[in-house]
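Data block below; observations after.
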Amino acid sequence: MVQMEVRLPPEMEADDLKARERARSQELQRDGSWVHLWRVAGRYANVSVFDVGSPDELHELLSSLPLFPYIDAHVTALARHPSKLDQPTEEERRLMSERANQLISDILRRVHEAIVENEVTYEEYQAVKQWFIDVGEAGEWPLFGDVYIEHVVEKNAFGDRAGSQGTILGPFHLPDAPVLEAPYELPRRPDEQGDRTVVTGRVTDTDGNPLAGANLDVWQADASGAYSGFMPGPPEGNLRGQVRTRDDGRYEFRTVIPGPYTIPLDGPTGRLTAAADWSPWRPSHIHLIVSAEGHEPLVTQLFIDTSDYLHDDVASAVKDELIVHPEPTGKGDELGFSYDFVLAPIHAPVPVG
Ligand code: MBD
Ligand code: FE
C-alpha cells in the first residue's frame, strides 16, 4: 500500500505532466500491477495498492511515474490476512497452478504439433497474429469462442446430465431481461416481421413433478436475424423477456418465428469462416435459460424445423432433441409448438482434488 502526496511547485505548468501520469497509471492498472487507486478526499493525494514481487520492483514502478520527482510516498507492506473470506488456501493455489500448467501445456503442445504437421509458414504465423489483433479490436472474441469452441465445452460438461438437453449460451444473452406478466408475450415492435407463434409446455423435475414458478429467460433474433442490444434495427429489449410457469408447471408465451442468423461477414470471424469456405449461418432458434429453485439451470435453444442450416449450423449447436415443429393453431394465422423441459436436480459441488 502506498500513500502518495503530490507536491507540485505552485508556479508550475503541469498539464502535460499530468496527462502522461494518467496514461502511465492506466497502463499499470491494465497490466494488473496497480490494483487499487483511491483519491484522498480534499487533497492532491492518493492511496494505492500495488501487486509487486519485491521492494525493488515497487521502487522501479514508482520511479517510472512521470510525477515521481514531486511525489512524497509512504509505503506499507501488506500481507494476506488468514481471516479474509474467498481467499484460496495454499493447497487450492497449488491445485490451480497444476491445472493451469496442465491445460496451457496441453493446448500449446497441440498447436505446436499442428504447426509442424502442416508446415505453417512465417507468413501464415504473421497473418494469424494480425487476425488475433483484429478479433480483439472488433470485440469478436465472445462470438468466435461461442461459435467455434463452446459446443464442445457444453457437450462435455452437460451431455450426459439428467433431464432435457442443453446447448450453447452464445454471445447475445443479456441479464435482467424484463420480467413479463401473463398473458406472456415477448416485447416486439408494432410492425414486427415474422410468423406469430405461441410456445407452450411444462417444466418438471426428473421424476415428472411440475415445477411451479420456474423461470424461462427467453431471447431470440428478429425475422431478419438481428438481436436487440447488439445490432442496429430492433429497439432495446426487443424479443427478450422472462416468463414464469403456473402452479401446474405449465408455461405459455407468444412471439414470432426468428430468422436464421449469419455471423457478421465483414468481421474477422466471418473472414476466417469464408477463408475456410464454411457456411456462416445458424438455423432459426429461440434461446432459453430455464431455472427453478433446487435445480440445475438449463441453458438451451429450440430450433425451428423448417429453417435452413439445421444440418450445418456454424456453431455446431443443433441437437435432434431440440428441434420443434410449429403448426397452425387454427387461431387466425397463428402457429404454435410445445416443448417440455425437465430440469436435473442441483449437482452438489465436488471438492477439487
Ligand atoms: C448466435 O445467435 C448464437 O446463438 C450463437 C451461439 C453464436 C452466434 C450467434
Ligand atoms: Fe442465437
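Axis angle, to the nearest 10 degrees, between helix 122-137 and the longest C-alpha principal axis of the chain: 80 degrees. What net charge do the residues around residue 131 carry, taking every other residue with its C-beta under 11 Å from that of residue 131, with Lys and Arg at +1 and Asp and Glu at -1? My count for the surroundings of residue 131 gives -2.
In percent, rounded to a whole number, the relative contact order of region 134-282 is 26, using alpha-carbon pairs under 8 Å and six or more apart. When restricted to Cα atoms, the chain yields an Rg and a Dmax of 26.7, 83 Å, respectively. When only the Cβ of Lys, Arg, Asp and Glu is charged (+1, +1, -1, -1), the dipole of region 132-233 relative to its Cα centre reaches about 280 debye. For the chain, the share of DSSP beta bridges that are antiparallel, to the nearest 5, is 80%.
Charge dipole of the chain (Cα centre as origin; +1 on each Lys and Arg Cβ, -1 on each Asp and Glu Cβ, all else neutral): 860 debye, rounded to the nearest 20. Among 297, 243, 42, whose Cα projects farthest towards the positive end of the dipole of the chain, with charges put on the beta-carbon of Lys, Arg (+1) and Asp, Glu (-1)? So the residue we want is 42.
For region 95-200, the extents of the C-alpha atoms along the principal axes are 59, 36, 24 Å, listed from largest to smallest. Considering only the Cα atoms of region 211-296, their convex hull presents on average a projected area of 7.2 nm². Within the listed set 122, 339, 44, the Gaussian network model of the chain (springs between alpha-carbon atoms below 10 Å) gives the highest mean-square fluctuation for 44. With Rh defined as the Kirkwood radius, the inverse of the mean 1/r over Cα pairs, the Rg/Rh of region 144-288 is 1.00. Volume of the convex hull of region 1-80 (Cα atoms only), normalised per residue: 93 Å³.
Placing unit charges on the Cβ atoms only, positive for Lys and Arg and negative for Asp and Glu, gives region 291-332 a dipole magnitude near 180 debye about its Cα centre.
Residue order for 288, 85, fewest other beta carbons within 10 angstrom first, comes to 85, 288. Only Cα pairs under 8 Å and 6+ residues apart enter the sum, and on that basis the relative contact order of region 1-100 stands at 39 percent. Other residues within the sphere of radius under 15 Å centred on the Cβ of residue 297, judged by their own Cβ, net out at -3 (K and R +1, D and E -1). Summarised as an ellipsoid, region 160-245 has semi-axes of 26, 16, 12 Å, derived from the eigenvalues of the Cα gyration tensor scaled by 5 and square-rooted, with the largest first.
What is the sum of charges around residue 245, taking Lys and Arg as +1, Asp and Glu as -1, for the other residues whose C-beta is under 13 Å from the C-beta of residue 245? Residues near residue 245 contribute -3 overall.
Largest first, the extents of the alpha carbon coordinates of region 50-102 on the three principal axes equal 44, 29, 15 Å.
Put +1 on the Cβ of each Lys and Arg and -1 on the Cβ of each Asp and Glu in region 1-146; which of 114, 97, 128 then has its Cα farthest toward the positive end of the dipole? Result: 97. Connecting C-alpha atoms closer than 10 Å in a GNM of the chain, tell me which of 120, 243, 135 has the biggest fluctuation. Judging by the Gaussian network model, the answer is 120.
Computed on the Cα atoms alone, the convex hull of region 232-353 gives a volume of 195 cubic angstrom per residue. Normalised by the number of residues in the chain, the mean separation of alpha-carbon contacts (under 8 Å, six or more apart) gives a relative contact order of 16 percent.
Ellipticity at 222 nm from helices only: DSSP H runs of n ≥ 4 in the chain, each -39500 (n - 2.57), divided by the residue count, give -8500 deg cm²/dmol.
Read-outs throughout are calculated quantities, based only on the coordinates presented, and are distinct from any laboratory measurement. A quick note: this is a predicted structure, and the numbers were derived from the prediction, not measured. Because the Cβ atoms are built from the backbone with ideal geometry, glycine has one as well, and the counts that use them run over all protein chains shown.
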